[in-house]
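S.K.: Sharing a structure below in structure tokens format, with a few things to ask.
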Amino acid sequence: MESSDALVFFGATGNLAHKKIFPALAALVSRGKLNIPIIAVSRSGDTHEQFLERIRASLDDHGGFDEKVFTQLTALVRQVDGDYADIATFRKLKKELKGARRPIHYLAIPPSLFETVIDSLAEVGCAENARVIVEKPFGRDLASARELNAALHKAFDESSVFRIDHYLGKEAILGLSYFRFANTFLEPIWNRLYVKSVQITMAENFGVEGRGAFYEEVGALRDVVQNHMLQVLAMVAMEPPSGRGTEGLRDEKVKVLRAMPPICPTDVVRGQYEGYRNEPGVKPESTTETFVALKAQIDTWRWSGVPFYIRAGKGLATTATEVFVELQNPPTGVQLGQTGPMSTNSLLFKLSPDVSISLAANVKAPGEEMAGRTVELAFNDLPSADGLDPYERLLGDAIDGDTTLFTREDFVDEAWKVVANVLGDATAVHPYFRDGWGPEAADRLIGEGGWHNPNGHNTKTQEG
Ligand code: BG6
């Protein structure tokens with residue numbers, strides 16, 4: 001695979017650039033992994049000095065500023081200022097590329113601008129032999145995702161398209177798939193005979209944090225379920241990738257989604273935290289969900305009949321993402337002298353902010369009685385996600401031309417099909433109090449056993 005020899009980056013003065021992209025580029029420079037021209041395109045009218053100040057501020061706020069890395073990074077940066085609707089901007093870009101043979105264009109801009117930018121790149125000859133990186137949201141339903149794909153494919157073939165889902169670059173998510181396929185003991189139990197249910201929770205203790213106008217158009221389902229949560233589900237449920245080449249992993253993940261019937265409205269509970277309607281940019285009568293809980297099925301030999309629950313929300317009791325895999329109940333404890341049911345065994349993958357994999361098992365509590373207690377066997381326990389930042393990993397991979405950790409077109413399509421019947425106002429939205437676990441209706445969805453709340457938070461759900 002030929003690495004790219006220039007990085008063109010649209011949206012260089014945007015929020016994402018400030019929070020994620022410059023820090024990731026600085027980290028790549030500091031590890032000696034980035035030494036190609038970076039052409040930053042924006043329409044800010046900044047002088048070069050003002051632009052360098054932006055980079056400094058970004059690193060100060062999000063990267064940990066290092067003078068040497070800053071000097072190395074800024075030595076790579078060239079600036080193109082101009083309107084995206086003006087072809088002259090792209091002619092300037094072409095000149096700045098100075099004959100780069102395999103540029104990569106990063107569209108860190110709203111999707112509504114994709115088509116204009118792509119057409120102009122093609123018109124001036126900058127799309128030839130080039131790659132393109134695009135950000136989520138990737139459409140707002142199947143039809144709009146297909147339109148975006150068609151726009152991209154006018155100038156780039158699928159192997160040159162890198163759709164970012166930063167969850168795929170997370171150390172803990174890679175750790176999850178590694179654990180699954182690096183341990184023989186897991187395979188015999190990883191199916192409908194031994195697994196009772198799977199719960200995937202992404203809880204956030206904060207609200208929309210100034211992104212009200214964006215969030216209002218999106219809601220929890222489109223913001224994190226159609227992409228991040230379904231990616232995690234696919235990692236948990238997929239078959240081991242086979243074959244050579246980079247497509248094995250992506251093939252297996254898509255097969256999982258293809259085996260999922262579209263989620264039914266009766267299996268979805270939407271919620272909205274109290275006070276959301278007063279957030280800047282949010283309509284006073286908004287029905288956008290800030291919380292969603294749902295039950296999904298995977299109709300395969302391995303998973304048929306095992307419910308996969310997904311729950312994601314803002315304004316909840318804590319911030320944590322985890323996967324909880326509950327095994328079937330031990331059949332009986334009678335012969336051990338135990339009265340009442342035994343606790344079930346379970347595996348817990350903490351994905352964020354803490355990272356760990358642990359197994360809950362029953363052991364005899366010391367003493368006269370044959371009574372048990374549950375202990376946790378931790379396989380790895382890191383206080384926080386170590387390793388590369390997701391953006392650092394993903395941008396490095398994209399520059400190297402490795403598509404493994406990027407979302408393929410068919411995954412996007414299938415993911416939209418899975419949520420197609422429950423988008424928007426297909427179901428009612430229930431109010432809920434902040435700092436709890438969402439509306440009470442979510443408890444009814446899961447039934448016996450209840451939700452596994454991260455960090456030992458066993459607060460009940462509440463109706464706001
Ligand atoms: C983003 C969503 O994709 O992921 C945000 O737009 C969400 O709403 C964020 O807060 C969570 O990412 P992380 O890495 O902080 O878990």
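S.K.: Out of all the residues in segment 321-342, which are surrounded by 15 or more Cβ atoms within 10 Å (Cβ to Cβ) and over 32 Å from the mean Cα position of the chain (by Cα)?
M.R.: Passing the criteria: Pro330, Gly333, Gln338, Met342.
S.K.: Oh, and also: Being out of contact with any Cys (no Cβ under 9 Å at 6 or more places or on another chain), open to solvent by 20 Å² or more (accessible area, probe 1.4 Å) and assigned by TED's automatic domain parsing to the domain that holds Gly447: is that true of Arg211 here?
M.R.: yes
S.K.: Go through segment 76-121 residue by residue and tally those that are under 27 Å from Val29 (Cβ atoms), within 32 Å of the chain's Cα centre (by Cα) and surrounded by fewer than 16 Cβ atoms within 10 Å (Cβ to Cβ).
M.R.: Count: 1.
S.K.: Which is away from the ligand (no atom under 16 Å from the Cβ) and touching a residue at least 24 places away in the same chain (Cβ under 8 Å), of Thr319, Thr344?
M.R.: Thr344
S.K.: Read through the list (1) in contact with an Asp or Glu (Cβ under 7 Å, 6 or more places away or on another chain); (2) away from the ligand (no atom under 13 Å from the Cβ); (3) open to solvent by less than 50 Å² (accessible area, probe 1.4 Å), then give the number of the only condition that Val198 fails.
M.R.: (1)
S.K.: Could you count how many residues in segment 223-242 are within 12 Å of the ligand (Cβ to nearest atom) and either outside any helix (DSSP H, G or I) or touching a helix residue (DSSP H, G or I) at 6+ places or on another chain (Cβ under 8 Å) (or both)? Write out each step before concluding.
M.R.: Initial filter on segment 223-242 (within 12 Å of the ligand (Cβ to nearest atom)): 223-229, 231-232.
Applying the additional criterion that residues be either outside any helix (DSSP H, G or I) or touching a helix residue (DSSP H, G or I) at 6+ places or on another chain (Cβ under 8 Å) (or both) yields 223, 225-228, 231-232.
Total satisfying the criteria: 7.
S.K.: Residues Lys136, Lys154: which one is basic (Lys, Arg), farther than 23 Å from Leu394 by Cβ and either in contact (Cβ under 8 Å) with a residue 40 or more places away in the chain or more than 16 Å from the ligand (Cβ to nearest atom) (or both)?
M.R.: Exactly one residue qualifies, and that residue is Lys154.
S.K.: A further question on this structure: Only one of Phe206, Phe185, Phe179 is assigned by TED's automatic domain parsing to the domain that holds Thr319 and near the ligand (Cβ under 10 Å from one of its atoms); which?
M.R.: Matching residue, one of Phe206, Phe185, Phe179: Phe206.
S.K.: Please work out which one of (1) free of Cβ contacts under 8 Å to residues at least 40 places away in the same chain; (2) away from the ligand (no atom under 13 Å from the Cβ); (3) under 20 Å from Gly438 (Cα atoms) is the condition Gly245 fails and give its number.
M.R.: Every listed condition holds for Gly245 apart from (3).
S.K.: Then there is this: Can you name the condition, by its number, that Arg270 falls short on among (1) open to solvent by less than 10 Å² (accessible area, probe 1.4 Å); (2) out of contact with any His (no Cβ under 8 Å at 6 or more places or on another chain)?
M.R.: Tallying (1) open to solvent by less than 10 Å² (accessible area, probe 1.4 Å); (2) out of contact with any His (no Cβ under 8 Å at 6 or more places or on another chain), Arg270 fails exactly one: (2).
S.K.: For a quick check of your reading of the model, give me the residue pairs whose first member lies in segment 188-209 and is closer than 18 Å to Leu221 by Cα and outside any loop (DSSP other than H, G, I, E, B), whose second is open to solvent by 30 Å² or more (accessible area, probe 1.4 Å) and within 16 Å of the ligand (Cβ to nearest atom), with beta-carbon atoms closer than 7 Å and at least 6 apart or on different chains.
M.R.: What qualifies is Ala203/Thr319.
S.K.: While we're looking at this one, here's another question. Looking at (1) more than 26 Å from Ala237 (Cα to Cα); (2) open to solvent by 10 Å² or more (accessible area, probe 1.4 Å), which is the one condition that is false for Leu316?
M.R.: Status for Leu316: all satisfied but (2).
S.K.: Please enumerate the residues belonging to segment 55-70 that are surrounded by fewer than 19 Cβ atoms within 10 Å (Cβ to Cβ) and under 28 Å from the mean Cα position of the chain (by Cα).
M.R.: Within segment 55-70, Arg56, Ala57, Asp60, Asp61, His62, Gly64, Phe65 meet the criteria.
S.K.: Out of all the residues in segment 370-388, which are outside any strand (DSSP E or B) and either in contact with a Ser or Thr (Cβ under 7 Å, 6 or more places away or on another chain) or modelled with pLDDT of 90 or more (or both)?
M.R.: Within segment 370-388, just Ala385 meets the criteria.
S.K.: Take His48 and decide whether it is over 17 Å from Ala398 (Cβ atoms), open to solvent by 30 Å² or more (accessible area, probe 1.4 Å) and free of Cβ contacts under 8 Å to residues at least 40 places away in the same chain.
M.R.: Yes, satisfied.
S.K.: Hey, another quick one. Phe179: in contact with a strand residue (DSSP E or B) (Cβ under 7 Å, 6 or more places away or on another chain), among the aromatic types (Phe, Trp, Tyr) and part of a helix (DSSP H, G or I), yes or no?
M.R.: So Phe179 passes the test.
S.K.: Name, by its number, the condition in (1) within 16 Å of the ligand (Cβ to nearest atom); (2) open to solvent by less than 30 Å² (accessible area, probe 1.4 Å) that does not hold for Lys170.
M.R.: Condition not satisfied by Lys170: (2).
The values are calculated or read from the model by the stated rules, or taken from the named source; none is laboratory data. None of these values were measured; they are calculated from a predicted model. Here the Cβ is made from the backbone with ideal geometry for all residues, glycine too, and neighbour counts use every protein chain on show. Side chains included, ligands, DNA and RNA excluded: accessible areas come from the protein's heavy atoms. Shrake-Rupley method; radii C 1.70, N 1.55, O 1.52, S 1.80 Å.
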